[in-house]
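Values quoted throughout were computed directly from the atomic coordinates according to the rules given, and no laboratory measurement underlies them. What you see is a predicted model; the values in this text were computed from it and never measured. Cβ placement follows ideal geometry from the backbone for every residue including glycine, while neighbour counts extend to all protein chains displayed.
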Ligand code: UD1
């Protein structure tokens, strides 16, 4: 197939583009490079031995987007492009709704005009909000608790309506848990701009000496060691989940929802121990107050993805940290190293 990947030069996008190329698909990436670097795709081309086509297009520019569809004869779309910083979304909600929801509406209109109705959407476990019920299952009501999460929830609602209105649409909504790690080559990985919001990139920057210590957000949660528990999933396993979902929706119409997680939770202290083992030295940390809006425990029930797609995550927390560390050590300043 020829697949259009929005946001394909970003962290999860670039790993998925690599998996698509390795599976024999042709890939066209569109990205506005707002939070990514085209170097990721150059390296993906090196690893795969062939390249994705790249078009610098912003989803808010519907004319440019339409031109991309006219010039590329695509069969399906994987839609990653979007803003994703929770704190920033609280400060600039209009910017988030306009970009994420508005950009998706433009994409869907272009897809319809060009008769492309197969879509895999990058959603997030954040749509479950502060649900205390673990493991999280797809049928839980959605209840995102911040503007970023609500953009994901609203896009899921829009896609559900679109799929219900016209059975020619084939749509997968993939709810990611906590993507971490990097391709085992150490050539591509997560390259956050500014201070990382998420745990693993922060820990990695401390381990490589770019930051002094990790602040552990709370050690008084009702968990065995008092720190928050999350379902970390290796980005290469996550990328494989996209290919499985694409295969499925290619032959099944309607709107389908799957959690992509391991089903296993790890605490912040377990992550720090695994990362210290990967780096060969202790990663310094100290305990601080809880971060507002954080749940104590979040992990997936990934059984629907296994039953429907035959997909499950295989890589361990230690492999995630080993691979994340290899990428960070060999590219201490990310793609601008
Ligand atoms: C966060 C976002 C979520 C988003 C997800 C993936 C919030 C409230 N939630 O989820 O919407 O979908 O990232 O991008 O921001 N931690 C520390 N110190 C740090 C960073 C994190 O102790 O410097 C802890 C957190 O309290 C949490 C765990 O590490 O227990 C993981 O945090 P993080 O990587 O930010 O992911 P989520 O909180 O799951």
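Computed quantities for the displayed model
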read-out	value
Computed FRET value (nearest 0.05) for residue 157 with residue 2, which takes r as the C-beta separation and R₀ as 25 Å	0.30
Pairwise FRET efficiency - residue 71 versus residue 166, Cβ, R0 = 25 Å, nearest 0.05	0.50
Using distinct alpha-carbon pairs, which all enter the 1/r mean, Kirkwood radius of the range 57-129 in Å	13.3 Å
Highest-MSF residue in the chain out of 240, 277, 52 [GNM, Cα springs under 10 Å]	277
Over the chain, relative contact order from alpha-carbon pairs under 8 Å, at least 6 apart, %	19 percent
Helix axis angle, 268-279 relative to the chain longest principal axis, alpha carbon, degrees	90 degrees
Diffusion coefficient, µm² s⁻¹, Stokes-Einstein with Kirkwood Rh over alpha-carbon pairs of the range 225-285 at 20 °C and 1.002 mPa s	151 µm²/s
At 1.306 mPa s and 10 °C, Stokes diffusion of the range 91-226 via Kirkwood alpha-carbon radius, µm² per second	89 µm²/s
Contour excess over end-to-end distance, with Cα ends at residue 51 and residue 210 and 0.36 nm allotted per residue	54.0 nm
Peptide ranges 179-187, 245-253 listed from the most packed, as the mean C-beta count within 10 angstrom indicates	179-187, 245-253
Ranked packing of 196-205, 227-236, most packed first, by mean Cβ within 10 Å	227-236, 196-205
Residue 22/residue 130 FRET efficiency (R0 25 Å; Cβ-Cβ; nearest 0.05)	0.05
Spin-label pair residue 198/residue 184, simplified geometry with 7 Å Cα→Cβ offset, distance in nm	2.1 nm
Degrees separating the helix 11-22 axis from the principal Cα axis of the chain, which is the longest one	60 degrees
Relative packing of 206-215, 76-85, 101-110, which averages over residues the other C-beta atoms within 10 Å, highest first	76-85, 101-110, 206-215
Dimensions in Å of the range 1-106 - Rg and Dmax from alpha carbons	13.9, 42
Extended-chain gain in nm, criterion 0.36 nm per residue less alpha-carbon gap, residue 282 and residue 318	11.5 nm
With Cα atoms, 0 to 90° folded angle of helix 62-71 axis to the chain main axis	70 degrees
Over the chain: Rg over Rh, Cα atoms, Kirkwood Rh	0.95
